[in-house]
Amino acid sequence: MSLKTERMEMTIQREISHILQFELKNPKLGFCTVTDVQCTNDLSQAKVYVTFLGQQGRNEAGMRVLNQSKGFIRSGVAKKIKIRKMPELIFIQDTSLEQGNKIENILKEIEK
């Protein structure tokens, strides 16, 4: 992956996190963290991985809010960073933390 793409991913991640924390006023979103952003080589799409604090029902509601607010978030990021074409945002729920906890619990059970 090129350095340009990596820098763009970090910038998009930082700006989306800022928008979610300070500008998006929807109580259904809850506590949302952007864990990673992966852009395609041509910067046409950006997969935004997010996690939510709380139960599974809140996660689903949070994903609905993010998908409904996709245009607002995309335009907010585009105003802050100067690029010719802002990538399309695709929000994906990051389950790696849950999977890691599950594996850790299994290993603890085996240890006993």
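The values are calculated or read from the model by the stated rules, or taken from the named source; none is laboratory data. Source: prediction; values computed, not measured. Reconstructed Cβ throughout: ideal geometry from the backbone, glycine too, with neighbour counts over all protein chains shown. These area figures cover heavy atoms from the full protein model, side chains too; ligands, DNA and RNA do not enter into them. Shrake-Rupley method; radii C 1.70, N 1.55, O 1.52, S 1.80 Å.
Descriptive notes on the structure:
- Relative intensity of the chain on a log10 scale, I(q)/I(0) at q = 0.16, 0.21 Å⁻¹, equals -0.74, -1.11, per a Debye sum over C-alpha point scatterers of equal strength in the absence of solvent.
- Placing dummy labels 7 Å off each Cα toward the beta-carbon, the span from residue 35 to residue 21 is 1.9 nm.
- Mean accessible surface per residue for the chain, computed with a 1.4 Å probe while every protein chain stays in place, in Å²: 68 Å²
- Length added when fully stretched, residue 10-residue 47, from 0.36 nm per residue minus Cα-Cα: 12.1 nm
- At full extension, residue 109 and residue 97 could sit 2.5 nm farther apart than now, given 0.36 nm per residue minus the alpha carbon distance.
- Antiparallel content of DSSP bridges confined to the chain, in %, to 5: 55 percent
- Net charge of neighbours whose Cβ lies under 15 Å from the Cβ of residue 54, counting Lys and Arg as +1 and Asp and Glu as -1: 0
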